[in-house]
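Reviewing the structure listed below.
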């Protein structure tokens, strides 16, 4: 079954991780309110895992919210990575807590607009707060505040962990947030800056040229040439430039999802770059003629943006990109429909529980946005077409989430409300919050700004790192086979040291 373009973009935003289901704790469930503001709304079962492998009496409880994915995607952290390492260092209990609506933590009978009104940040935080205040481990009361609870989070969940510490300082003694996204914007053009600045510059340059060609053809208003380009790209039924741009966008997410650890690495970035820069491909004469014609029509070779590229190299770069897309874009099955590949209103409105792509799409449409665009500075070429913008989502969100009886998703998203809840200043006046960022993370512009690091508010920058790279570790089978980069090891050691400093502070204050 083909995913629509919105589903593909939602899925592409997830960091790739190989789910490991052996040697992890037994699954547990806790009953929680569907609506913490309305006790009459009913309850649901929230899935979690708890490990006491490293626990010693007096140790803390470390709880990691799995964020916008099934928690089974990160169970390997019990064996190697954040949960294993920090629980070992602190003699603590490690808990992996599934976010409401994701995985098997199901609240409602469908994923329609009214049902998803309960998919809110404050509700997710209240889930963890109530859980922490009532937690018993094998019959032993380890609830907060009598036991020190430390809340952990990565990316979106990193913002939740920081906010939880701010809202409930008596429940959560500390928070550790990695790559926490705390700022929302309608136009997140800055997302592609990391790829532009840190990616393979040969591939970046080819992508800039291809984006110029695509934009120039659409801007030409020459219907025949535009149709020729769409057919050449394998997207003949796409009518709107923003839908065309969205359909070819998977490479823009690829930088986020590549990783130093082979097990956690998504190969899309390497595959895209290798294909784009290849000189080995052989193409049909008709395709070569079409590519040459599009490049000529775009005017790139006579524009101010042209550098030393030959006509042949520009042609090969465009042909390579089309070949890459042909190997990655699923068949549209559009049958001539003008609204493909975005999907028909009927298809986008399907809301049964199998449509899990709707979850992050809802959070994006409802409040976060942070939609990639090519609207960067005009004094340089973008790595995605400038026709990549919020129009695709502003038009699509109402089709996915039409007004319900109880809730309406408004367009544009209320990013002001999201930023009032989170925001760049989140936690800056609260002690015992540890913030970790990677300077090559595409989400860095939407994260807390650099600030001085102190014992009470550690701020750690992982140089040369992307999206929460320091959260992973080596399995026993990987030791001696995979080497942890020196910078990752430095950051992990520093994180451990700050945690031990906190534990000593709390112990001495009793």
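This table checks each residue for (1) surrounded by 15 or more Cβ atoms within 10 Å (Cβ to Cβ); (2) touching a residue at least 60 places away in the same chain (Cβ under 8 Å); (3) not in a loop (DSSP other than H, G, I, E, B).
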| position | (1), (2), (3) |
| --- | --- |
| 397 | yes, no, yes |
| 402 | yes, yes, no |
| 418 | yes, yes, yes |
| 427 | yes, yes, no |
| 451 | no, no, no |
| 460 | yes, no, yes |
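Select, from 162, 147, the only residue that is outside any helix (DSSP H, G or I) and touching a strand residue (DSSP E or B) at 6+ places or on another chain (Cβ under 8 Å). Spell out how you get there, then give the answer.
Details: 162 fails: outside any helix (DSSP H, G or I).
Result of the check over 162, 147: 147.
Quick one: which of 270, 245 is under 15 Å from residue 195 (Cα atoms) and either crowded, with 22+ Cβ neighbours inside 10 Å or free of Cβ contacts under 8 Å to residues at least 40 places away in the same chain (or both)?
Values: 245 fails: under 15 Å from residue 195 (Cα atoms).
Of 270, 245, the one residue that is under 15 Å from residue 195 (Cα atoms) and either crowded, with 22+ Cβ neighbours inside 10 Å or free of Cβ contacts under 8 Å to residues at least 40 places away in the same chain (or both) is 270.
Every residue, every condition in (1) over 24 Å from residue 328 (Cα atoms); (2) touching a residue at least 60 places away in the same chain (Cβ under 8 Å); (3) surrounded by 22 or more Cβ atoms within 10 Å (Cβ to Cβ), yes or no:
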| position | (1), (2), (3) |
| --- | --- |
| 177 | yes, yes, yes |
| 180 | yes, yes, yes |
| 193 | no, yes, no |
| 210 | no, yes, yes |
| 214 | no, yes, yes |
| 252 | no, yes, yes |
| 255 | no, yes, yes |
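Does the range 85-99 include one or more residues that are outside any loop (DSSP other than H, G, I, E, B), surrounded by fewer than 20 Cβ atoms within 10 Å (Cβ to Cβ) and in contact (Cβ under 8 Å) with a residue 12 or more places away in the chain?
yes
Residue 158 passes every criterion in (1) out of contact with any helix residue (DSSP H, G or I) (no Cβ under 7 Å at 6 or more places or on another chain); (2) surrounded by fewer than 20 Cβ atoms within 10 Å (Cβ to Cβ); (3) over 18 Å from residue 29 (Cβ atoms) apart from (2).
Among the listed residues 237, 168, 198, 251, identify the single one that is within 30 Å of residue 126 (Cβ to Cβ) and either in contact with a helix residue (DSSP H, G or I) (Cβ under 9 Å, 6 or more places away or on another chain) or outside the structural domain of residue 86 (by the TED database) (or both). Walk me through it before giving the result.
Working: 237 fails: within 30 Å of residue 126 (Cβ to Cβ); 198 fails: within 30 Å of residue 126 (Cβ to Cβ); 251 fails: within 30 Å of residue 126 (Cβ to Cβ).
Of the residues listed, the single one that is within 30 Å of residue 126 (Cβ to Cβ) and either in contact with a helix residue (DSSP H, G or I) (Cβ under 9 Å, 6 or more places away or on another chain) or outside the structural domain of residue 86 (by the TED database) (or both) is 168.
Residue 111 passes every criterion in (1) crowded, with 20+ Cβ neighbours inside 10 Å; (2) over 30 Å from residue 381 (Cα atoms); (3) in contact with a strand residue (DSSP E or B) (Cβ under 9 Å, 6 or more places away or on another chain) apart from (3).
Return the residue satisfying two criteria in turn: it lies in the range 20-34 and is within 12 Å of residue 74 (Cβ to Cβ) and surrounded by 13 or more Cβ atoms within 10 Å (Cβ to Cβ), and of such residues it is modelled with the highest pLDDT. So that I can check it myself, show each step before the final result.
Just the residues of the range 20-34 that are within 12 Å of residue 74 (Cβ to Cβ), to begin with: 20-21, 24.
Imposing the further condition that a residue be surrounded by 13 or more Cβ atoms within 10 Å (Cβ to Cβ) reduces the set to 20, 24.
Numbers: 20: 35, 24: 90.
Filtering first and then ranking leaves 24.
The values are calculated or read from the model by the stated rules, or taken from the named source; none is laboratory data. Note that this is a predicted model, so its numbers are computed, not measured. Positions of Cβ are backbone-derived with ideal geometry, glycine not excepted, and every protein chain shown enters the neighbour counts.
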